[in-house]
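Asks: Attaching a single structure in structure tokens format; questions to follow.
Bear in mind these aren't lab numbers, they're just calculated from the coordinates by the rules spelled out. Here the structure is a predicted model, which means the values were calculated and not measured. No Cβ is skipped: glycine too gets one built from the backbone with ideal geometry, and neighbour counts run over all protein chains shown.
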Amino acid sequence: MKILVTGASGQVGTELVTALSRKYGNTSIVACDIKSQKKSSVNFREADVRDIGKIKSIIEEEGISRIFHLAALLSASGEKNPEAAFGVNMIGTWNILIAARDLKIERVIIPSTIGVFGPDTPKINVPPTTIVRPRTMYGITKYASELLGEYFFQKFGLDCRGLRYPGLLSYLSPPGGGTTDYAIEMMAAAARGEPYECFLKENTRLPMMYMPDAISALIQLSEADSGKLKRRTDYHVSSFSFTPGELKNEISKLIPDFQVTYRPDFRQQIADQWPESLDSEEASVDWGFHSEYGFSATVGDMLSHLKSPIPS
Ligand code: AKB
């Protein structure tokens, strides 16, 4: 098996490439991103997912059989530049699906997001089938990508799979352009001994997950027996939910003089459209999803790594 990871230099991509190469060996992985990467432990190919010719030639030249398609602009970046978000998220996903169908790729895994939800979505313990109706370009394009994945499965027999991630917490590679980024920024500021000005209100509750659990879930779904999957592209996974105020209090248990002020900006309106918690039951039943890390363990682990970063 030869695996292509698009968006490989992003927050999830960086850690997924490391985990996949540990599991399958460095030579089985091809990392691809629009940003060039000088130091890569695996074969790195620079490419824009909007360029189908380039994507097809990489697949053919490298003998790719499986694709993790992660390239995307996140919620806040998408609102700043809707055209770019449409191009990368929509055209990019369409290109990956067409290339996968034409070149007989055996499986395509596309993570989705709580960004697919809108103001009409219920707030608590939300199951995958519910009112969606997103209002952001990120949400619209990611929801359409979920539906396209299902369409390609039904119509062409392409094995597409996906899950909706909550906010993801990681210390190795910084997030970029998301609404849930505040949580990582807050912990990073605390670790540096600095105060933090939060761009969401103190009581905004959102579902979250630690990156090691997010990576395990994606790999687990990619390996699941196809016959056991009752859903295709929209499994829910989540570990816990918290507000900026609760995160501040948790950090203060370890760094008592940590200070946070609140100055909500345009990202508050995005966060207000998302649920507070997700129901991950179907992912647990169908392919064994579970989380190792709770809220306190995540904050403790994040802070200890952020305080003593791995030298680059
Ligand atoms: C964002 O905030 O845009 C992302 C997400 C929830 O998908 N982290």
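Asks: Rounded to the nearest 5, what % of the DSSP beta bridges within the chain are antiparallel ones?
Replies: 10 percent
Asks: For a quick check, take a GNM of the chain with Cα springs below 10 Å and name the residue from D234, D225, D120 with the largest mean-square fluctuation.
Replies: In this elastic network of the chain, the residue with the biggest mean-square fluctuation among D234, D225, D120 is D225.
Asks: Scan the chain and report its longest stretch carrying no trypsin sites (Lys or Arg not before Pro) that are both in a DSSP loop and have at most 12 other Cβ atoms within 10 Å.
Replies: Value returned for the longest uninterrupted segment is 124-229.
Asks: Give me P(r) over region 57-135, computed from all C-alpha to C-alpha distances, binned every 5 Å, as integer percentages.
Replies: Reading the bins upward from 0: 3, 13, 20, 18, 16, 15, 9, 4, 2, 0.
Asks: Rank V237, V285, I255 by how far each Cα sits towards the positive end of the charge dipole of region 236-307 (+1 on Lys, Arg Cβ; -1 on Asp, Glu Cβ) and give me just the farthest.
Replies: I255
Asks: Identify, among F152, P122, Y196, the residue whose Cα sits farthest towards the positive end of the charge dipole of the chain, taking +1 on the Cβ of Lys and Arg and -1 on the Cβ of Asp and Glu, with the dipole about the Cα centre.
Replies: Among F152, P122, Y196, the one farthest towards the positive end of the dipole of the chain is F152.
Asks: On full extension of the chain, what length is gained from K39 through K230, given 0.36 nm per residue of separation minus the C-alpha to C-alpha distance?
Replies: Full extension of this stretch gives 64.8 nm more.
Asks: Let me ask another. Where the only charges are on Cβ atoms (+1 Lys, Arg; -1 Asp, Glu), what is the dipole of region 208-284 about its Cα centre, to the nearest 20 debye?
Replies: So the magnitude is around 140 debye.
Asks: Which entries in the list K80/K155; K35/K201; K35/K142; K35/K123; K23/K253; K35/K104 go over 25 Å, if you measure between the two C-alpha atoms of each?
Replies: Pairs exceeding the cut-off: K80/K155; K35/K201; K35/K123; K23/K253; K35/K104.
Asks: May I pose another question? Is region 263-312 best put as rounded, prolate or oblate by its Cα gyration tensor, with a ≥ b ≥ c the root eigenvalues, rounded for a/c under 1.5, and otherwise prolate when a/b is larger than b/c, oblate when not?
Replies: Verdict is oblate for region 263-312.
Asks: Among S40, I58, G7, pick out the residue whose Cα is farthest towards the positive end of the charge dipole of the chain, where Lys and Arg carry +1 and Asp and Glu carry -1 on C-beta, about the Cα centre.
Replies: I58
Asks: Going by Cα centres, region 121-157 and region 191-238 are how many Å apart?
Replies: If we compute the Cα centre of each part, the gap is 16 Å.
Asks: Using +1 on the beta carbon of Lys and Arg, -1 on that of Asp and Glu, and nothing else charged, what's the dipole of region 1-77 about the Cα centre, debye to 20?
Replies: Its charge dipole is roughly 180 debye.
Asks: Let me ask another. Could you compute the net charge surrounding Y24? Neighbours are other residues with a C-beta less than 12 Å from the C-beta of Y24; K and R count +1, D and E count -1.
Replies: Value of the local net charge: +3.
Asks: Still on this structure, I have one more. Could you tell me how far the Cα centroid of region 97-118 sits from the Cα centroid of region 32-74, in Å?
Replies: That distance is 14 Å.
Asks: On a C-alpha basis, how far is the centre of region 162-186 from the centre of region 278-302 in Å? Whole number, if you could?
Replies: About 15 Å separates the Cα centre of region 162-186 from the one of region 278-302.
Asks: If you place +1 on the Cβ of every Lys and Arg, -1 on the Cβ of every Asp and Glu, and leave all else neutral, what size is the dipole of region 36-114 about its Cα centre, to the nearest 20 Debye?
Replies: Rounded to the nearest 20 debye, it is 180 debye.
Asks: Over the chain, with a Gaussian network built from C-alpha contacts below 10 Å, which listed residue (L206, L247, L169) shows the highest mean-square fluctuation?
Replies: Among L206, L247, L169, the largest GNM mean-square fluctuation belongs to L247.
Asks: Separate question: Between E62, E15, E83, which gets the highest mean-square fluctuation from a Gaussian network model of the chain, Cα cutoff 10 Å?
Replies: E83
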